[in-house]
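Let me begin by presenting the structure, written as structure tokens, before commenting on it.
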Amino acid sequence: MFEARLVQSAILKKVLEAIKDLLTEATFDCSDSGIQLQAMDNAHVSLVSLNLRSDGFDKYRCDRNLSMGMNLGNMTKIMKCAGAEDTVTMKAQDNADVVAFMFESKNQEKVSDYEMKLMNLDQEHLGIPETDYSCIVKMPSQEFARICRDLSQFGESMAISCTKEGVKFSSAGDIGSANIKLAQTANVDAEEEAVVIEMQEPVSLTFACRYLNSFTKATPLSAQVQLSMSADVPLVVEYKIGELGHIRYYLAPKIED
Amino acid sequence: KKRQFNIHHFYLGQ
């Protein structure tokens, strides 16, 4: 028996928004420790890794490990039926071929039950090694989304260069070029508005804008985003999901042949 | 000219 309850269904809606641009279907692996998802986009350029800890749920029970393959378009249709203030409960029996979603309004005046058929998906788990990154940038997630959107007008790729002075985002194309420099913030009142750089070595990497823009669909989940970079390895873009967990996107860089 | 690498190139499957 699997059962996971979140008082704020809005969190699950946002998680779904954050992955459905990149993935059409995915397997949710449920265990005693929580729910995990790891999947690549169709082109195998990026990887989404979602971790929702069991202790972050308002109620969580998972007697046996369970892998639930879901079509994310269909899951989105169902989650759209939940009111923003509703509580959501996901339930499945052991070895079930369906997952149930129950939405309850405040005071249980309205209770809605939906069942969705599960799918058997071939899943390939990649082994992501522990990495000491050369540069870690923490910045407001809305600022990062804005920069990705603005720079994608200039070219298909953008370079992210990090030194201890700051982080520079640049792009160039037919219409011209763009450069945005962010300095580390000296002192800010709100922690979430800070730009913080931890640098061991300067790094400059080039990435496809399209994927970065897809990652920024996670912006509503967190006020801050963390970018981890080392030379010639995938970028990690991480959004914390409150006390519940995190979503990480890995993006392969463009490298000189 | 830079080439787009894929995720497999960096992380082997388990």
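Read the figures in this text as sums done on the coordinates, not as results from a lab. As the structure is a computational prediction, the values presented were derived from the model and not from experiment. For neighbour counting, all protein chains shown are included, and Cβ atoms are generated from backbone atoms with ideal geometry for every residue, glycine included.
Assorted remarks:
- Extents of region A:3-134, taken as max minus min of Cα coordinates on every principal axis and listed largest first, are 51, 34, 27 Å.
- Residue order for B:12, A:205, fewest other beta carbons within 10 angstrom first, comes to B:12, A:205.
- In sequence order, region A:209-225 has phi-based couplings of 4, 3, 6, 4, 5, 5, 4, 6, 5, 8, 3, x, 7, 7, 6, 10, 10 Hz under the Karplus curve 6.51 cos²θ - 1.76 cosθ + 1.60, θ = phi - 60°, and Gly or Pro positions carry x.
- CD proxy at 222 nm, helix term only [per DSSP H run n ≥ 4: -39500 (n - 2.57); per residue of the protein assembly as shown; nearest 500]: -4000 deg cm²/dmol
- Once the C-beta distance of residue A:163 and residue A:188 is scaled by a Förster radius of 25 Å, the resulting FRET efficiency is 0.75 to the nearest 0.05.
- Reachable lysines from residue A:164, criterion Cα separation under 18 angstrom, eight or more residues apart if same chain: A:138, A:181
- Over the C-alpha trace of region A:92-146, radius of gyration and Dmax come out as 20.6, 53 angstrom.
- The Cβ shell under 13 Å around residue A:27 holds other residues with a net charge of -4, Lys and Arg each +1, Asp and Glu each -1.
- Note on A:128, A:180: ascending count of other Cβ atoms within 10 Å places them as A:180, A:128, the fewest first.
- Coil-residue trypsin sites (Lys or Arg not before Pro) of region A:60-148, DSSP, other Cβ within 10 Å capped at 16: A:64, A:80, A:110
- Under 5 Å from the amide H of residue A:126 lie the amide H atoms of B:14, each residue being 5 or more positions distant or on a separate chain, with H modelled from the backbone and absent for Pro and chain starts.
- Modelled FRET efficiency - R0 25 Å, residue A:7 with residue A:130, Cβ distances, 0.05 increments: 0.15
- On Cα atoms only, tilt of A:9-19 relative to the major axis of chain A in degrees: 50 degrees
- Excluding same-chain neighbours fewer than eight residues apart, the lysines reachable from residue A:77 by a Cα-Cα span under 30 Å are A:13, A:14, A:20, A:59, A:91, A:106, A:110, A:117, A:217, A:240.
- Averaged over A:90-99, number of beta-carbon atoms from partner chains that fall within 10 Å: 0
- Mean separation of Cα contacts under 8 Å (6+ apart) over length of chain A, as relative contact order %: 20 percent
- Separation in nanometres of the label points that stand 7 Å from Cα toward Cβ, at residue A:71 and residue A:106: 3.6 nm
- Per-selection metrics, region A:73-184 (Cα): Rg and Dmax in Å: 22.4, 57
- At 0.890 mPa s and 25 °C, Stokes D of chain A from Kirkwood alpha-carbon radius, µm² per second: 126 µm²/s
- Peptides ranked, highest mean first, by Cβ atoms within 10 Å: ranges A:168-179, A:1-12, A:210-221: A:210-221, A:1-12, A:168-179
- Pairwise centroid distance, computed over Cα atoms, of region A:215-257 with region A:24-67, Å: 17 Å
- Fewest-first sequence of B:1, A:14, A:59 by Cβ atoms within 10 Å of each Cβ: B:1, A:59, A:14
- Averaging 1/r across all pairs of distinct Cα atoms in region A:109-257 and inverting the result yields a Kirkwood radius of 16.9 Å.
- 3J(HN,Hα) along region A:108-116: 6, 6, 10, 10, 10, 10, 10, 10, 10 Hz, from the Karplus curve 6.51 cos²θ - 1.76 cosθ + 1.60 with θ = phi - 60°, whole Hz, x for Gly and Pro.
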